[in-house]
1. Which semi-axis lengths, in whole Å and largest first, follow from the square roots of five times the eigenvalues of the Cα gyration tensor of the stretch 46-117?
2. Round to a whole number: what % of the accessible area of the chain belongs to carbon and sulfur, probe 1.4 Å?
3. Indicate the gyration tensor shape class of the stretch 39-86 (rounded, prolate or oblate), computed on the Cα atoms with a ≥ b ≥ c the square roots of the eigenvalues: a/c under 1.5 is rounded; otherwise a/b larger than b/c is prolate and the rest oblate.
4. Quick one: of Lys101/Lys214; Lys86/Lys148; Lys67/Lys214; Lys24/Lys67, which pairs are farther than 25 Å apart, Cα to Cα?
5. Over all directions, average the projected area of the Cα convex hull of the stretch 1-134 and note it in nm².
6. Could you work out the relative contact order of the chain? I mean the mean sequence separation of Cα pairs under 8 Å and 6+ apart, divided by the number of residues, in percent.
7. How big is the gap, in Å, between the Cα center of the stretch 1-17 and the Cα center of the stretch 50-111?
8. Give me the one-decimal Kirkwood hydrodynamic radius in Å for the stretch 124-223, with the sum taken over alpha-carbon pairs.
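The values are calculated or read from the model by the stated rules, or taken from the named source; none is laboratory data. Note that the structure is a prediction, hence the values are computed from the model and not measured. As a convention, Cβ positions derive from the backbone with ideal geometry for all residues, glycine included, and neighbour counts pool all protein chains shown. Accessible surface is based on the protein model in full, side chains and every heavy atom, while ligands, DNA and RNA are left aside. Shrake-Rupley method; radii C 1.70, N 1.55, O 1.52, S 1.80 Å.
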Amino acid sequence: YARTQPALNHLLTGSETAFSRSAKSFYANSWDEDGKHILQDLTEQDYSVEIYSALGYLFSDMSYAGKYVDNFAKTNTVDSGAVLAKLMHLSAYRHAPIALKPFFWADTAYYNTDVFSGSAVNSYQYVDTYYMAGLSEGSASREQNSFKFYHFNGSHPPYTMNADGSASEETTTTILQTHGCFTHLFAAFERMKELGIYEDATIIIPGDHGSAIKDSEPLLRAT
């Protein structure tokens, strides 16, 4: 799949039927169809399940997510002023001359960030440097079985990270940002070794999806 939705769900569930049925049906059944019960099985094996991402990428039924995801949180109070400002930005992009459109570039995370108000503001943001800043404070135990999924910005634009993993006030490059991603990974591995959980862990690092070509048909070549 060529976009985060449904690529993210496919990576975790293996479901490959997003183009042959409605989106609602796909997301409602992908976790527990064909004899599999992924989250239920993890829970029954005494695993805690933590997912750091926008749950709309993974589930259609938030009550199902709330049943199995330990860090489940709702952010359903919208700041109308913030939404209006971002829609004005989107309108400016639409009406700007072609030569100016690159300066309005923004991904979906831009439109989802800082638009909620209340106690559950921004339960998760795609700001990789935040993870780096809290890494030394993390704790874990061999006695606690854990399944954790972290959805990072990674090598995806906008490029805002230096090679040492720190935030940059100026636009960097895809190479520097990728170096920064690996800096974060190596630091996480070292922290896991300090906590004594590295040797018992299974670590899977998926890449991003390819460039979008079609949204209604499967990709027939690498992108």
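1. Gyration-tensor ellipsoid for the stretch 46-117: 33, 14, 9 Å.
2. Values: 7770 of 14340 Å².
After summing per-atom areas, the C and S share lands at 54 percent.
3. prolate
4. On the way: Lys101/Lys214 22 Å; Lys86/Lys148 31 Å; Lys67/Lys214 34 Å; Lys24/Lys67 19 Å.
Where the Cα-Cα span goes over 25 Å, the pairs concerned are Lys86/Lys148; Lys67/Lys214.
5. Across all orientations, the stretch 1-134 yields a mean hull projection of 11.0 nm².
6. Numbers: 241 pairs, mean separation 49.7, N = 223.
Relative contact order for the chain comes out at 22 percent.
7. Computed from Cα coordinates, the inter-centre distance equals 18 Å.
8. Hydrodynamic radius (Kirkwood, Cα only) of the stretch 124-223 equals 15.5 Å.
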